[in-house]
Amino acid sequence: MFHLLQTIPVPEVSADSLEAKKAYIEGLLRNTPPQDLLSMLGHEALIFGLKVLAALALYVVGGWIISLIRKALKRSFRRRNTESTVATFTESLVTIGLWILLIIAVVGTLGVNTTSLAALLAAGGMAIGMALSGTVQNFSGGIMLLVFKPFKVGDFIEAQGFAGKVTEVNIVSTKLLTTDNRVIILPNGALSNGNINNVNGKELRRVDIPVSVAYGTDADVVKNALLDMVKANPLFLDSQTPDAADPFCALTELGDSSVNFVVRAWVQGTDYWTARFQLQETIYRDLPAKYGVQFPFPQLDIHVRQG
């Protein structure tokens, strides 16, 4: 076969030229006997088929190895108690990188010049970068979130007009699970450049509840009643707990139709909503019935002058 190929005249042009390849094929068809041509085609088809099988085998085995590496990373992160934020981000980054390398290797196995492919990717890198500028920004935002750690997986945050528990941080986005069981996906770029309210940033939280009572009510009675309600609830803390303070109550405003107080007390972050709801219910139930303090309602005095 190789002797036959050597007898075929090939025009003196560049090997990469389409004209050279066209002339080569025309000369091959014109000067090669049909039986030899079929033999050549069968041989080339066999070689190409073997390359395809090798590429498929490489793809299957490579995918299996990537799966093993991903599972090994998960086990390693769990064994070392790595933060879920770092673990999910690193796992996603490594997996994508390995799949890119595998695809390049598979393409090379098929006989495609990977050097030319790499040059093509490099040449198109700027165009791709401009087209995917949002994705690149989100990737950079993910790096910023990973480095500065404004939150971690499991924290409840408020950002970009949404509030929920962080369930996953990958290379381009962050997933939140809202209290009504919706999944919110926030791009890392906007998230890293915006305001983030991390509700679980500290172990303790302060409960602030405003209370309005009618004019003529004794202020000391109201303050003592509110403090007694707080102290009767075991969820509220005092100054004996580090970073906490004793419950506090004060008159904050003389409103148009009410005298406004505020009661403040510290709780564990995990008990915030339970303690808040319990105290509000206790105030509504006991303040009028037990302490004789009445809640106000908007009112307007009208004086009619007869003349």
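The values are calculated or read from the model by the stated rules, or taken from the named source; none is laboratory data. The model shown is predicted, which means the values in this text are computed figures rather than measured ones. Reconstructed Cβ throughout: ideal geometry from the backbone, glycine too, with neighbour counts over all protein chains shown. Quick note on the areas: whole protein, heavy atoms, side chains included, nothing else; ligands and nucleic acids left out. Shrake-Rupley method; radii C 1.70, N 1.55, O 1.52, S 1.80 Å.
Restricting to region 176-221, what's the tally of residues that are touching a Leu at 6+ places or on another chain (Cβ under 7 Å), of a type in the set (A, V, I, L, M, F, W, C), in contact (Cβ under 8 Å) with a residue 24 or more places away in the chain and open to solvent by 30 Å² or more (accessible area, probe 1.4 Å)?
Final tally of qualifying residues: 1.
Regarding residue 224, is this residue closer than 30 Å to residue 173 by Cα and either among the polar types (S, T, N, Q) or open to solvent by 80 Å² or more (accessible area, probe 1.4 Å) (or both)? Step through it out loud before you land on a result.
Values: closer than 30 Å to residue 173 by Cα: no; either among the polar types (S, T, N, Q) or open to solvent by 80 Å² or more (accessible area, probe 1.4 Å) (or both): yes.
So residue 224 does not fit the description; no.
Which residues, counting only those in region 153-175, are crowded, with 16+ Cβ neighbours inside 10 Å and under 10 Å from the mean Cα position of the chain (by Cα)?
Within region 153-175, 153, 166, 168, 169, 170, 171, 172, 173, 174, 175 qualify.
Give me the pairs: first residue in region 87-100 and open to solvent by less than 50 Å² (accessible area, probe 1.4 Å), second residue in a helix (DSSP H, G or I) and of a type in the set (Phe, Trp, Tyr), beta-carbon distance under 7 Å, and six or more apart or on different chains, which are they?
Close Cβ pairs satisfying both conditions: 87/77.
Which one of the conditions (1) in contact with a Leu (Cβ under 9 Å, 6 or more places away or on another chain); (2) in contact (Cβ under 8 Å) with a residue 60 or more places away in the chain does residue 242 fail to meet, given that it meets all the rest?
Going through the list (1) in contact with a Leu (Cβ under 9 Å, 6 or more places away or on another chain); (2) in contact (Cβ under 8 Å) with a residue 60 or more places away in the chain, residue 242 breaks only (2).
Residues checked against (1) in contact with a strand residue (DSSP E or B) (Cβ under 8 Å, 6 or more places away or on another chain); (2) loosely packed, with under 12 Cβ neighbours inside 10 Å; (3) of a type in the set (Val, Ile, Thr):
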site	(1), (2), (3)
252	yes, no, yes
261	yes, no, no
271	no, no, no
274	no, no, yes
280	yes, no, no
292	no, yes, no
295	yes, no, no
298	no, yes, no
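Are there any pairs with C-beta distances below 6 angstrom linking a residue in region 285-307 that is within 20 Å of residue 226 (Cα to Cα) to a residue that is open to solvent by 100 Å² or more (accessible area, probe 1.4 Å), with the two at least 6 apart or on different chains, and if so which?
From residues that are within 20 Å of residue 226 (Cα to Cα), the pairs are 288/294.
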